[in-house]
1. State all residues of the stretch 38-50 that are assigned to a loop (DSSP other than H, G, I, E, B) and without any contact (Cβ under 8 Å) to a residue 24 or more places away in the chain; if no residue qualifies, say none.
2. Answer with yes or no whether Lys30 is assigned to a loop (DSSP other than H, G, I, E, B), among the basic types (Lys, Arg) and over 29 Å from Gly101 (Cβ atoms).
3. Hey, among Val53, Val43, Val62, which residue is open to solvent by 70 Å² or more (accessible area, probe 1.4 Å), among the hydrophobic types (A, V, I, L, M, F, W, C) and out of contact with any helix residue (DSSP H, G or I) (no Cβ under 9 Å at 6 or more places or on another chain)?
4. Against the conditions (1) part of a loop (DSSP other than H, G, I, E, B); (2) touching a Leu at 6+ places or on another chain (Cβ under 7 Å); (3) hydrophobic (A, V, I, L, M, F, W, C); (4) at pLDDT 95 or above, where does Leu35 fall short? Just the number, please.
5. Can you report the number of residues in the stretch 70-99 which are hydroxyl-bearing (Ser, Thr, Tyr) and either surrounded by 14 or more Cβ atoms within 10 Å (Cβ to Cβ) or more than 19 Å from Asn36 (Cβ to Cβ) (or both)?
6. Output the residue which, of all residues in the stretch 1-24 that are surrounded by 10 or more Cβ atoms within 10 Å (Cβ to Cβ) and of a type in the set (Ser, Thr, Tyr), is modelled with the lowest pLDDT.
7. When you scan the stretch 26-58, how many residues do you find that are under 13 Å from Val71 (Cβ atoms) and touching a Ser or Thr at 6+ places or on another chain (Cβ under 8 Å)?
Amino acid sequence: MEKADNVKVYAADFGWSDLGTWSSLYELRKKDDKLNSVVGNHVKMYDSEKCIVNMPRNKVVVIQGLEDYIVVENNDMLLICKKSEEQQIRQYVTDIQVDFGKEFV
């Protein structure tokens, strides 16, 4: 593009959010009346609030008594982590790869 003469640039403000974290995704997602953000067709939440839950469509999940947690299933791995500790997730993933193999993450 450096030598292109048919390129136009327009100033615009689109906003910015780094979707590289679960908390930033939580901020943008729709929430229920208990401020839970849930992805999955068969998730039941009881006495839980401010959680982000991401489950496969066919997985039945019951969550009770959690506040400010991340609950995510991906491939053959289940993560349950306090939202305030999400910076540790990279270390958890590394530990899983080292201890059990890369096929789990």
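1. Restricting attention to the stretch 38-50, the residues satisfying the condition of being assigned to a loop (DSSP other than H, G, I, E, B) are 40-41, 47-48, 50.
Those that are assigned to a loop (DSSP other than H, G, I, E, B) and without any contact (Cβ under 8 Å) to a residue 24 or more places away in the chain: Gly40, Asn41, Asp47, Ser48.
2. On the way: assigned to a loop (DSSP other than H, G, I, E, B): yes; among the basic types (Lys, Arg): yes; over 29 Å from Gly101 (Cβ atoms): yes.
It is true that Lys30 is assigned to a loop (DSSP other than H, G, I, E, B), among the basic types (Lys, Arg) and over 29 Å from Gly101 (Cβ atoms).
3. Values: Val53 fails: open to solvent by 70 Å² or more (accessible area, probe 1.4 Å); Val43 fails: open to solvent by 70 Å² or more (accessible area, probe 1.4 Å).
The unique qualifying residue is Val62.
4. Here Leu35 meets the rest and fails (2).
5. Of all residues in the stretch 70-99, those hydroxyl-bearing (Ser, Thr, Tyr) come to 84, 92, 94.
Checking which are either surrounded by 14 or more Cβ atoms within 10 Å (Cβ to Cβ) or more than 19 Å from Asn36 (Cβ to Cβ) (or both) leaves us with 92, 94.
Final tally of qualifying residues: 2.
6. In this case the residue turns out to be Ser17.
7. Counting residues in the stretch 26-58 that are under 13 Å from Val71 (Cβ atoms) and touching a Ser or Thr at 6+ places or on another chain (Cβ under 8 Å) gives 5.
The values are calculated or read from the model by the stated rules, or taken from the named source; none is laboratory data. These figures come from a predicted structure and were not determined experimentally. Note that we place each Cβ from the backbone using ideal geometry, even for glycine, and neighbour counts take in every protein chain shown. These accessible areas exclude ligands, DNA and RNA; they are computed on the full protein's heavy atoms, side chains included. Shrake-Rupley method; radii C 1.70, N 1.55, O 1.52, S 1.80 Å.
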